[in-house]
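The values are calculated or read from the model by the stated rules, or taken from the named source; none is laboratory data. Quick caveat: nothing in here was measured; it's all calculated off a predicted structure. Please note: Cβ atoms are built from the backbone with ideal geometry, for glycine as well, and neighbour counts cover all protein chains shown. For the accessible areas, the whole protein counts, side chains as well, though only heavy atoms, and no ligand, DNA or RNA atoms are used. Shrake-Rupley method; radii C 1.70, N 1.55, O 1.52, S 1.80 Å.
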Amino acid sequence: MTASKTNPGYFFEDFRVGQVIRHATPRTLTEGDRALYTALYPTRFALPSSDAFAQACGLPRSPLEDLIGFHVAFGKTVPDISLNAVANLGYAECRFLKPLYPGDTISTETEIIGLRQNSNGKSGVVWVRSVASTADGERALEWVRWVMVRKADESAPAPEPVVPELKPAVPASELAIPAGLDFSAYDFAAAGERHRFGDYAVGERIDHVDGVTIEEAEHMMATRLWQNTAKVHFNARFREDGRRLIYGGHVISLARALSFNGLANAQTIVAINAGSHANPCFAGDTVYAWSEVLEKAETAAPGVGALRLRLAAVKDDPTPAPLRGEDGKYAKNVLLDLDVWALVPV
Amino acid sequence: MTASKTNPGYFFEDFRVGQVIRHATPRTLTEGDRALYTALYPTRFALPSSDAFAQACGLPRSPLEDLIGFHVAFGKTVPDISLNAVANLGYAECRFLKPLYPGDTISTETEIIGLRQNSNGKSGVVWVRSVASTADGERALEWVRWVMVRKADESAPAPEPVVPELKPAVPASELAIPAGLDFSAYDFAAAGERHRFGDYAVGERIDHVDGVTIEEAEHMMATRLWQNTAKVHFNARFREDGRRLIYGGHVISLARALSFNGLANAQTIVAINAGSHANPCFAGDTVYAWSEVLEKAETAAPGVGALRLRLAAVKDDPTPAPLRGEDGKYAKNVLLDLDVWALVPV
Amino acid sequence: MTASKTNPGYFFEDFRVGQVIRHATPRTLTEGDRALYTALYPTRFALPSSDAFAQACGLPRSPLEDLIGFHVAFGKTVPDISLNAVANLGYAECRFLKPLYPGDTISTETEIIGLRQNSNGKSGVVWVRSVASTADGERALEWVRWVMVRKADESAPAPEPVVPELKPAVPASELAIPAGLDFSAYDFAAAGERHRFGDYAVGERIDHVDGVTIEEAEHMMATRLWQNTAKVHFNARFREDGRRLIYGGHVISLARALSFNGLANAQTIVAINAGSHANPCFAGDTVYAWSEVLEKAETAAPGVGALRLRLAAVKDDPTPAPLRGEDGKYAKNVLLDLDVWALVPV
């Protein structure tokens, strides 16, 4: 029995700054992805739900949920970048550059932009910038993430440390507004809420109220749909406690979908500024979400404003509490602390 | 933390007879909905399965299962009408007005047609008539239901009671037969059974034999697909016993799909005359179904007859038994008692 | 309560050699089937994932996974052929005759080609040849299987025994290569591995490494999607131990998808030469797979070679071990022993 033909993933010492990796497998998005997304997450945003609504907003038809593109593009990087990862440490500078529609085929490419070996000599941090493109070569989304990756050979020499400078948030002026998007005739009744740009105040918190208990079959179906192959999500015999770790993106999509209740008009995410998966999530956990308005910005598109939102997910106990304790560490029931830009009608 | 931007739903005292509510979120139906429906319910009816079969029956292509339209249209009413409901009491006068196809976008609107406060002063019964339309404004289906809804303010005055008069069943003459439907060259082998209109006798009972055990992931995926947000279906921490109540429509679709075995030629439902969710359904329950022929009617469409059927679902024990005891109450293992019209070849 | 209108399936004494059975229900394949397949099995083969990749390989667009066609076509035969089966004994001479695409409608027809009553007089072996065709009458796939079927009336006379002669494997010269398939400009980076025809040696074994733990909701959703109605897959009250037997085809698709890791370029299955479901599979089992190269053959298509592979699935313990003990019987953790032809770039 040999494993010589199987993919071992990259170890820390395999990465070089400037290296570019083209990832397998190109993937054509379909209406099937949309239906499964709706079945897996309680999403009700009108733009990715209705052709008629999307057309009234200046788009050719209903785009797919932004996070479908993110998960598919991200999943492609896993077998190369994070198969031997110890931890996914952060996200930055993630921009959604154009809406994706059924029929679009996306491929992902990653450049290594930073490396720093840990002092224990057993692992190191790898910073990568990934770009997903459609078959016509247009960029659809891009993001930076950094992960801690094991070394296969601990005696391999440490690389020269390179730590990229990253923006704390995507500036509002750099947000990519979908071509043609126009909220000037926005139908608030169809969208489900009356709150517009002017109704949200910086510092305001919105409790999204509803909770969802996660099942094993659900998170595995989602994670496979994104062709994300990380072993810990699928194999109950991988961890000693017999539990499967839920893909962090599953929690992002759950929290985003729950945010409909209070942010129904935040129709589309155009950037992820930062994000932490504060604690692991397992089947049986009940996920709740709340948002905080961090910043507001106008855009050049008619009737379209941008809200910068902190989207938090906690488990089991939705009682309002600080995400972090006095020691600066996340509380044990915090799952997600995400910082995004979303577009709303003014 | 504030919930002021989230949807509280309507309480009993918020409703007025004559009031019309436009519901969020318009939804474009897709082939993804069809595939998920097939994966969630053991349906094998030829008309919603095969373009070729449907075209041989005079339709442009294979329509979606009728209940997909019903669930999606119904789901839209939940956040407004039944978020604060104590019980879903009944259905009447539900007509399927035209087949729905992938690409159709449906929206739902509801008129309040009756109100009667309960003598305890804490809740009341609300009767509503809902209409689902496609983006071109054509009516696709309509139904009446009545629900018991809590009051938020028990001191709110009771409204003048208005109880609408409802038909005990949709008269056969008012059934909407899909335009072009023609069963005169019906392919019984492809449909899976040889029984035609003339083979069914009023009073006849058909045991549908097969049983299906329900999983949490399945009913939650279904209910989310219909964008139905009732908390009790998703949050294991909502009820003290940690169980999630299964959406009644999930049982309707299971029973309808099971009815293929014995009613394979009842290709399409055109009306729901009445329906009761006799007992709650939970994951782990094994659902069985049987039908009783209540009435037969000819239609103007070539080769098309109509059967009025009582479709019953029971759990765990399929032994034939009366649905109700001598006290008139449903037996504990009865889940569903539904009265429908379906079209069959003559 | 009567079951007279429900389908009892065929018992052993109902079959005659030469008899042809047209199965219900014709089924149009869709993008929804593709998405669900991806969600249910960890498949990442580029050809059924990407229109762009498929077009670069000479196909009009991305074909559906070959096993989607197989499962749907096979599922149709269950209510007639194997509803009363005691065991599914084997497969032979299965050829995939053309790629299937969303929009194709398939129907299945079966000819009885062999019968042999068992010496106990209670059951017998039935050999059948099934053919699945698209709506234009073209053959899409064909296969032989044999099953042990109960007799309803043990006193029914034994038929004259007829045992068909079957090929031990489909000869390479009889493989149906998809029209237009051309691997001469094959993109190995997009496909995910660099190994080509010349890199695989007869006798070589490839451990596919990853394991997947199965949930009840997953195998039931898959099996319903194929409209396969065998009771044992769905009803927890059917077996005394309360477990649902997983459809053997679910294990085939899991093993095939896992084989991506080491055989990513085995883009399409063109034949199943033989197959045994060595032991039953249940929810909670963790499935692993390995392959052995049995034979290699050139084809007439540009850049396209064929590998004959033994694809094995085992549960819970992936430690390499012989599939069979010294007594010739399969070890208890062996689920599947399949023999297939797949196409790879030369």
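Just counting partner chain Cβ atoms within 10 Å, what average do the residues of peptide B:205-215 show around their Cβ?
Other-chain Cβ atoms within 10 Å of each residue's Cβ, averaged: 6.
If you place +1 on the Cβ of every Lys and Arg, -1 on the Cβ of every Asp and Glu, and leave all else neutral, what size is the dipole of the stretch A:168-346 about its Cα centre, to the nearest 20 Debye?
It comes to approximately 500 debye.
Ratio of Rg to Rh for the stretch B:271-346, alpha carbon only, Kirkwood?
Ratio value, two decimals: 1.07.
Taking a point 7 Å out from Cα toward Cβ as the label site, list the nm distances between residue C:8 and the same residue in every other copy, smallest first.
In ascending order, 6.3, 6.3 nm.
Can you report the principal axis dimensions of the stretch A:168-346 using only the alpha carbons, biggest first, rounded to whole angstrom?
Each principal axis gives a Cα extent; for the stretch A:168-346 these are 54, 39, 32 Å.
Rounded to two decimals, what is Rg over Rh for the stretch C:81-128 when you use alpha-carbon atoms and the Kirkwood radius? Present the calculation step by step, with values, prior to reporting the outcome.
Details: Rg = 15.0 Å, Rh = 13.7 Å.
We get a ratio of 1.09 for the stretch C:81-128.
On each of the three principal axes of the Cα atoms of chain C, give max minus min coordinate, whole Å, ordered largest first.
Principal-axis extents of the Cα atoms in chain C, largest first: 62, 47, 38 Å.
Give, as a single signed number, the net charge of other residues whose beta carbon lies under 9 Å from the beta carbon of residue C:30, with Lys and Arg counted +1 and Asp and Glu -1.
Cβ neighbours under 9 Å give a net charge of -2.
Write down the accessible area per residue of chain C in Å², having rolled a 1.4 Å probe over the full set of protein chains.
About 34 Å² of surface per residue is accessible.
Just add up the charged neighbours of residue A:233: K/R +1, D/E -1, any other residue whose Cβ is under 14 Å from the Cβ of residue A:233.
0
Give me the tail of P(r) for the protein assembly as shown as a percent: Cα-Cα pairs with distance above 57 Å.
It works out to 12 percent of all Cα pairs.
So how far, in whole Å, is the C-alpha centre of the stretch C:17-66 from the one of the stretch C:278-346?
That distance is 21 Å.
Expressed in nm to one decimal, what extension gain is obtained for the pair residue C:150 and residue C:17 from 0.36 nm per residue of sequence separation less their Cα-Cα distance?
Full extension of this stretch gives 46.2 nm more.
State, to one decimal in nm and shortest first, how far the label point of residue B:237 sits from each corresponding label point in the other identical copies (label point: 7 angstrom along Cα-to-Cβ).
3.4, 3.4
Given a Förster distance of 45 angstrom, what is the FRET efficiency for residue B:201 paired with residue B:111, based on the Cβ-Cβ distance and rounded to 0.05?
Result of the calculation: an efficiency of 0.70.
Taking a point 7 Å out from Cα toward Cβ as the label site, list the nm distances between residue C:90 and the same residue in every other copy, smallest first.
6.3, 6.3
Using a probe radius of 1.4 Å on protein heavy atoms only, what is the accessible area buried between chains A and C, both sides summed, to the nearest 100 Å²? Could you put the intermediate results ahead of the total?
Numbers: alone 15170 and 15120 Å², together 26910 Å².
It comes to approximately 3400 Å² buried between A and C.
About its Cα centre, what dipole magnitude does the protein assembly as shown give when the only charges are +1 on Lys and Arg Cβ and -1 on Asp and Glu Cβ, stated in debye to the nearest 20?
Roughly 680 debye for the protein assembly as shown.
Over the stretch C:224-264, what percent of the accessible surface lies on carbon and sulfur atoms, probe 1.4 Å?
Here it works out to 49 percent.
How big is D, in µm² s⁻¹, for the stretch B:69-212 by Stokes-Einstein at 4 °C and 1.567 mPa s if Rh is the Kirkwood radius over C-alpha pairs?
In µm²/s, the coefficient is 70.
I need two numbers for the stretch C:44-96: Rg to one decimal and Dmax as a whole number, Cα atoms only, in Å.
Taking only Cα atoms of the stretch C:44-96, I get Rg and Dmax of 15.6, 46 Å.
Taking amide H atoms as placed 1.01 Å from N in the peptide plane, list the residues 5 or more away in sequence, or in a different chain, whose amide H sits under 5 Å from that of residue C:270.
Those lying under 5 Å, H to H, from residue C:270 are C:341, C:342, C:343.
Net charge near residue B:62: determine it from the other residues with C-beta under 11 Å of the C-beta of residue B:62, scoring Lys and Arg +1 and Asp and Glu -1.
On the way: positive: B:34, B:61, C:27; negative: B:31, B:51, B:65.
Value of the local net charge: 0.
One quarter of the convex hull surface, Cα atoms only: what value does that give for the stretch A:10-70 in nm²?
Value for the stretch A:10-70: 6.7 nm².
Using only helices, what value at 222 nm comes out for chain B when you add -39,500 (n - 2.57) per DSSP H run of length 4 or more and divide by the total residues, to the nearest 500 deg cm²/dmol?
-4500 deg cm²/dmol
In nanometres, what is the gap between the two model label sites at residue B:55 and residue C:138, each 7 Å from Cα along Cα-to-Cβ?
1.4
Across the residues of B:54-65, average count of Cβ atoms on other protein chains within 10 Å?
Mean partner-chain Cβ count within 10 Å for B:54-65: 1.
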